[in-house]
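In what follows, a single structure is set out as structure tokens and then discussed.
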Amino acid sequence: MSSRAPTTRRFSTFSGKASSEKGTATSELGTSATPSMAEASHHKALSGFQSLLKRGWEEINESSVSAILDAARHSESLDDRKMLLEHMLTFMSKTPPGKTQDMMQKYVIKELYNDLEHPPPTWIGPQYAFRSADGGGNNPDFPDLGRAGQPYARSVQQINPLPRYEMPDAGLVFDTLLRRDKFRKHPAGLSSLMFSFAALVIHSIFRTDHKDVNINMTSGYVDLAPLYGNDQAMQDKLRAKEGRGLLHPDVFAEDRLLLLPPACCVLLVLFSRNHNYIAKRLLEINERGSWADPATLQNSPDKLLKQDEEIFQIARLCNCAWFASVVFSDYFSAILGLVRQGSSWSLMPFSEFRESDHSLFERGRGNAVSVEFNCLYRWHATTSQEDEQWIHKQISALFPGVDPDAITPRDFYTTAGKLQAMEPDVEHWHFGDLKRQENGLFRDEDLARVLMDGTSHRAASFGARGTPPCMRLHEIMGIEANRAWGVCSLNEFRKYLGLKTYTTFLEWNPDPEIANAAEKLYNHIDNLELYVGLQAEETKPVTDGAGLCPGYTVARAILADAIALTRGDRFFTTDYTPWNMTAWGFADCQRDPDAYGFGSTLGRLFLRHLPNQYSKDSVYAWFPLMHPEAMEGYLAKLNKSDGYSIQRPIAPPIPAKVENYVEAGEILKDGQKFSAVAVEKAAAVIEGKGFFTASADGTKEQSEFMAALISSPEDTAKIGKYFFNKTVELVQSSSWSLIAQKKRSVNIIADVLKVVPVFWAANEIAGIPLKTSEHHSGAYTPSELFDVLGEIYEFIFLDVEPSNYMVKQERVREHVKTLHGHIKSHLGGAGSRLSISNIFGTIFGSKKKTIRSEFLTRLFELDHSTDEACNTILALLVGTTVELTVAMTNVLNQFLSTEQHASVLDLAQSKDETAMQGLTARVLEALRLDPPFRGVFRIATTDAVVGSLSVKKGERVFVDIAAAGFQEEAFANASSFDHTRSPKEKYLAGDGAFRFVGTELASRMIVETIRGIYSFSSIARGPGQSGQLSRFKTEAYPYLHHAYLDVKQFPSPWPRALVLQYEPVSA
């Protein structure tokens, strides 16, 4: 494909697994406990210069200095705090003029010069940040390199003459060496879909101009040109240009793919959808705050188009990186056979690294595809039997009554021209038997059917006599183009790659029939032309490191080409940055080696855009480039069969959505007909009874639990007092002072609202000691335990992204197991049932009664087993922490933003019951307007009718609590804050703390926390964006009322930061 090579990158997008190998000795900081070679070299150089400085000049010679410089040269990462350079410069300044000083001068100057790239690798500004429509400008210093419409490159000098008049007839060559004599299934079990994806890669970089075969009409980069087009005119036809950066629904640019089996087009449609998904998220998140709702820009067309262009270009960068991630995960895994080994490793050709002379190894300097690699990617021999029949049918329709062997290139070009003239606009293209809906989209079911068919169809093997007869004309045209370009011979190409050349035809292909036939056609092995020699060469066997199993030359060349294509691309290397792509966009397109399916990216793509068509554990999703039967065998050998379903997925019904207040309330109250989805999910990660918040017997278990937790109003008051005192303590201890000001600042979410519930549940109930600055021996820091509980809550009670489900399920199992161990150890032992001695030994180590001691005493009286008690405590840990933090955050954010701030401040200073009731009413109303989560899922346990809704047993229902809370029939002037609404029972609650511990206790926890914050009478938002809650609404996660970005920039249910300020009251 390519004539240029390498490029780098430090990020994980296409990298292999980052974790260290088992058995590597590491320190607590995660670094190697044994000094590396670079560290040793650095130490040797430093010691050497320190020693030289103590010696007389007569004892110093070039040899001793040269040895030290060599040690410094091999210190890849210098620790500048050890002052090696300073010692070197000091030594130089004291060295008499002469060879020794000259040697060191040259070394230092060369090292410092090589610290930087020359010329600089990239430039600043939007004209350099984004890909051009035609691929030009990838190398700013050579903008035409790789641009569409430029001539093909030539990689190999032809020395051995191959005059056309001496070459055998192309048709004769096909009929002798290439024509399929029988179908041979692919030896490694690759599916037909593997080569549909390969067609996307190939069509991204090859589009020969039939008017001038020397010109390549597409770019020399893996830039999804089949989707986005090869010039600005085509790209403009694809775009909606409505201020959102979107493409028209399910469109793409490459009309050649319409003539291929439909799986290739379906893959492209998914990337088209992925572009729009990314663009929507970019606008929702609006990271830099520079974009507006397009509806507000209708009178400002220039601003609208500028915004559309920015979003489109960023989404395009991210989508191209997604495409490259698929290449370096699923595609490479199949090519190298890694999928058979259960490995998620991949090549990592993008990173920055240095040569032995300290210069940076080249990357991001552009790429141009060559004619030799055009000949390389002719993989028609792998066509499945089903695709062969499909192609034959299309040819018969295009050339009715004509023998395929009789079709000439002129016939083909004439027909192709007619088809192109009849082509509708891109918004109305269709392919196969798929038809567009009124909204312009193809049906998900149809797309999934084509993809699953591609996975279930076996690809054929590479090799001589494997190309379907219906591809005869195409192969003849390829052979003739090969000759028109004056391409080198097979042996010359092998020599160029550094491979051993062949001396006989039998060495090239040991099948005597094939070798003899080739010798008859070409006479001498050096005359074997590249195109034919590559296709009919002996194929690689299935072995470690080999999964594609093409001819030996092809197998070697495609790896070199993949590196050249990607390392040479500036947008995969030096300009692959969070600034150009936004922090979320940069995170979203990373290759994840820990993803399910041995790090599959294609599985993530399928489950993102066809979530109801693929099951979360299906081999059709996670190994689509492998035939299911072959993959079943490989998984069995790896002892991983239990983690995957081999059966073809069957789409479940799409969940019904309930927004009506009455219907929502009825479903939430009727636990007999509508069970929580959490019950089934909890059973997958938690063994035994007791986890009452997601249990079939939840109502009974919850009442028992509440009786153990609260036996009187005084118990509620004690818990409330704890929340108040802990809040005040954390605000004071976590705040920081400002220079020359009385004000103090505090991250109220990270240091208070996320911590208070965790301290209460862990210390006061579960008995799990937390690690703090005062106590270093705890099991978790509060932040660590919040993250663990958050992941458990998210898995059990929220609708986990299908692509993350299996990995998250395994992590949650481990979290539960670990927490179970901590809880059990603090119950006084690991017996099957709680005993008097265990209980009393655990809780009465001191004479003082605590919330925990009284709770455990009453829990013991229920005669629960130890495991059941552990699960009960775990339910409390999960149910009254992370969701409560979101509720507190939403309430506080509203109080700070409205006229409620002053009244809350007054009420918080009072301790009488009326003030408490007023705060409680305001909390409930605030949560109606801004609930922690948008709603909850329920499963119908029987056929049921609720109002206008009719559901069948087993169907899911999404109860939209947020929407129901805005129903005017239930809440007059629903968008207004009115804390006088009554009764409080009319407020709907989801699967959070209000359901777990009841409205009275949950609201008391929130009220006391708010009182604690407002006890600082001057409390107010911090300055600028620090004092604003950074969150966004997203249609991608319908169960979230608002989403946040976590530390890795992925969408999360959990808030992270909000800075408040206050002035301490003088004593």
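With contacts taken as Cα pairs under 8 Å and at least 6 residues apart, the chain reaches a relative contact order of 14 percent.
For Tyr780, the residues 5 or more places off, or on other chains, whose built amide H falls under 5 Å of its own are Lys771.
Computed extension length for Ser1017-Glu714: 106.3 nm, one decimal, from 0.36 nm per residue of separation with the Cα-Cα distance subtracted.
The label-point distance for Ser976 and Ile646, in a model that sets each label 7 Å from Cα toward Cβ, rounds to 6.6 nm.
Of the trypsin sites (Lys or Arg not before Pro) in region 126-195, which ones lie in a loop per DSSP and count no more than 10 other C-beta atoms within 10 Å?
Passing both the DSSP loop test and the Cβ count: Lys182.
So how do 877-883, 969-975, 547-553 stack up, highest first, on mean other-Cβ count within 10 Å?
Numbers: 877-883: 27.9, 969-975: 12.7, 547-553: 23.6.
So the order, starting with the most tightly packed, is 877-883, 547-553, 969-975.
Helix 552-567 versus the longest principal axis of the chain: what is the Cα-based angle in degrees, 0 to 90, to the nearest 10? It works out to around 50 degrees. Taking one quarter of the surface of the C-alpha convex hull of the chain gives a mean projected area of 53.2 nm². For region 177-250 and region 286-309, what is the centre-to-centre distance using only Cα atoms, to the nearest Å? Taking the Cα centre of region 286-309 as reference, the centre of region 177-250 is 32 Å away. Summary value for region 942-1067: 16 percent relative contact order, contacts being C-alpha pairs under 8 angstrom separated by 6+ residues. Here, region 119-166 yields an orientationally averaged convex hull projection of 5.5 nm² when only Cα atoms define the hull.
Please compare each pair in Lys700/Lys754; Lys393/Lys418; Lys673/Lys824; Lys689/Lys824; Lys616/Lys640; Lys754/Lys1048 to a cut-off of 24 Å on the Cα-Cα distance and tell me which ones are over it. Intermediate values should be presented prior to the final figure.
On the way: Lys700/Lys754 30 Å; Lys393/Lys418 19 Å; Lys673/Lys824 35 Å; Lys689/Lys824 15 Å; Lys616/Lys640 15 Å; Lys754/Lys1048 18 Å.
In this structure, Lys700/Lys754; Lys673/Lys824 lie more than 24 Å apart at Cα.
Counting beta carbons within 10 Å around each of Arg494, Arg465 and listing the fewest first gives the order Arg465, Arg494. Calculate the FRET efficiency for Ile739 and Ser773 from the Cβ-Cβ distance with a Förster distance of 25 Å, rounded to the nearest 0.05. Taking R0 as 25 Å, the efficiency between Ile739 and Ser773 is 0.60. What FRET efficiency comes out for the pair Met706/Lys306, r = Cβ-Cβ distance, R0 = 51 Å, nearest 0.05? Plugging the Cβ-Cβ distance into 1/(1 + (r/R0)^6) gives 0.35. Taking only the C-alpha atoms of region 503-550, the Rg (one decimal) and the largest Cα-Cα distance, Dmax (whole number), read 11.7, 35 Å. Computed from Cα atoms, the angle from the helix 698-709 axis to the main principal axis of the chain rounds to 50 degrees.
Any idea what the relative contact order of region 656-1062 is, in percent, if you count C-alpha pairs under 8 Å spaced at least 6 apart?
About 25 percent, as a whole number.
Fewest neighbouring Cβ atoms within 10 Å first, the residues Lys418, Lys681 line up as Lys418, Lys681. When only alpha carbons are used to place a centre, region 722-781 and region 397-453 end up 64 Å from one another. Counting every other Cβ atom within 10 Å of each residue's Cβ, Asp212, Asp255 order from fewest to most as Asp212, Asp255.
Of the peptides 886-898, 116-128, the ranking by mean beta-carbon count within 10 Å, highest at the top, reads 886-898, 116-128.
Among rounded, prolate and oblate, which fits region 656-1062 when a ≥ b ≥ c are the square roots of the eigenvalues of its C-alpha gyration tensor, a/c under 1.5 means rounded, and a/b larger than b/c means prolate? Before the final figure, lay out each step's value.
Values: a/c = 1.43, a/b = 1.02, b/c = 1.40.
Taking the square roots of the gyration eigenvalues as a ≥ b ≥ c, region 656-1062 is rounded.
Segment Asn516..Arg811, full-extension length gain: 100.3 nm, with 0.36 nm per residue of separation and the alpha-carbon distance subtracted.
Centre-to-centre, using Cα atoms only, region 99-172 and region 646-704 are separated by 59 Å. Which residues does the label zone of Gln232 cover in region 130-169, counting backbone N under 20 Å from a point 7 Å along Cα→Cβ? The answer is 130-150, whose backbone nitrogens lie closer than 20 Å to the label point.
For Leu347 and Asp293, the difference between the fully extended length at 0.36 nm per residue and the C-alpha to C-alpha distance is 15.3 nm.
Read the figures in this text as sums done on the coordinates, not as results from a lab. Computed from a predicted model, the values in this text were never measured in an experiment. Every residue, glycine as well, gets a Cβ built from its backbone with ideal geometry; the counts of neighbours run over all protein chains shown.
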